1. Springs between alpha-carbon atoms under 10 Å, Gaussian network over the chain: tell me which of Met315, Met294, Met117 tops the mean-square fluctuations.
2. Multiply the residue gap between Glu233 and Ala324 by 0.36 nm, knock off their C-alpha separation, and tell me the result in nm, one decimal place.
3. Give the aspartates and glutamates reachable from Lys334 as a straight Cα distance under 19 Å; neighbours fewer than 8 places away on the same chain don't count.
4. How many nm is it between the label spots at Arg103 and Val246, if each spot is 7 Å from the Cα in line with the beta carbon?
5. If the cut-off is a Cα-Cα distance under 26 Å, which lysines reach Lys94, setting aside same-chain residues fewer than 8 apart in sequence?
6. Could you work out how much longer the chain between Ala263 and Ala138 gets when fully extended? Use 0.36 nm per residue separation minus the Cα distance between them, nm to one decimal.
7. Rounded to the nearest 0.05, what FRET efficiency is calculated for Glu21 and Arg116 with R0 set to 35 Å and r the Cβ-Cβ distance?
8. If the chain between Lys37 and Ala78 were fully stretched, how many nm would it gain, using 0.36 nm times the residue separation less the Cα-Cα distance?
Amino acid sequence: MSVLLWLLLQDVGALEDQVRELHSKDLYDAAVQAVRKFAEAHPDAANDDRLKRLREKTQDLAREADVKFTQLMAEAQAHLDAGRPGQATECAAKARGFYPERRARVDGFQRTIQDRMASTAMVKVPETSCWIGSDAPADENPKRQVQVSSFLIDRFPVTNGEYAAYLAATGAPAKSIPKGQERHPVVLVTWAEAAAYAAWAGKRLPTAEEWEVAARGGDRREYPWGNVFQQKEEVFPANCLEYWQVNKHRSPGTLPVDEFSRAGFTSSSGAVMGGNVWEWTSSARPGKVGPREMEFRVLKGGSFMTPARAMRCAMAFPENPELAHPDVGFRCAK
């Protein structure tokens, strides 16, 4: 064997090791490129059987990866078109993991998901002067008039599906979603987790004052949908304790975020507010956990576990921000 041939065989062996390492990392494009560059640099190796087999294997794996990547991205697009951002993001994340060299394309798609989530479900609250609070419970005092600048607020609380999209996009551990509850509000989130989602979405948590202005409007209504809880005994305007006292054939829990908007129960701003889940706001109040003083955060809106009174616009419930409850979610503002 000539020295040149021996050196060439050594080079092919090193190339095989390099390609094997790239394949182990799913870097198919890089493996194909490495084989191509080697062949260009060593034209005398064109007929080497080992190089031929390596080229064929690498190209076959790249084609298989391309097919799988294309399928996953098509599934992701279908989920997005059907209004399932969480599943869309999960599919895209799988595609990126399968073919990391195409990260830029996946990141672009995930930005599309994020933009769509941010823009399709917000209502505008114009600059206004509004009366908020009440003269009754201490947490609601005092009744006062506030001036707020114009802002946007989510029409609905953040859903399980939307939160799943955030987790998949950021690589955080997945959150189990009960089957069929993608459009239910996400629960069991701490205040910090809610704030982190809002920042990821390019938004923020509303203040308690903004939440109440969006719910109450200029007509000083008692509830987000009007001045009385119910106008008709058999028609409920929100998901609350009274609703489940009547619907005893079902287990109490969250409902789809648009469940009651179909019957026209919305705030003056067009947002669906009150009941279903309490909602974190950015407003702080002093609180205590045992002897430890700490900063609590105000919850608004009541939930499926509370009586109708908790859904009054003025209701404010300071809570430990480190706790996650089965009836506490959030919505975002901008």
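Computed from the coordinates by the stated procedures, all read-outs in this text should not be read as laboratory data. Model, not experiment: these values are computed from the prediction. As a convention, Cβ positions derive from the backbone with ideal geometry for all residues, glycine included, and neighbour counts pool all protein chains shown.
1. Looking only at Met315, Met294, Met117, the largest GNM fluctuation is found for Met294.
2. Full extension of this stretch gives 29.4 nm more.
3. Of all the aspartates and glutamates, those that pass the test against Lys334 - Cα under 19 Å, at least 8 places apart if same chain - are Asp115, Glu127, Asp154, Glu162, Glu193, Glu209, Glu210, Glu212, Glu279.
4. Using points 7 Å along Cα→Cβ, the separation is 5.4 nm.
5. In chain and number order, the partners are Lys25, Lys57, Lys68, Lys175, Lys179.
6. Answer, rounded to one decimal: 41.7 nm.
7. Computed FRET efficiency for Glu21 and Arg116 comes out at 0.35.
8. Contour length minus Cα-Cα distance gives 11.0 nm.
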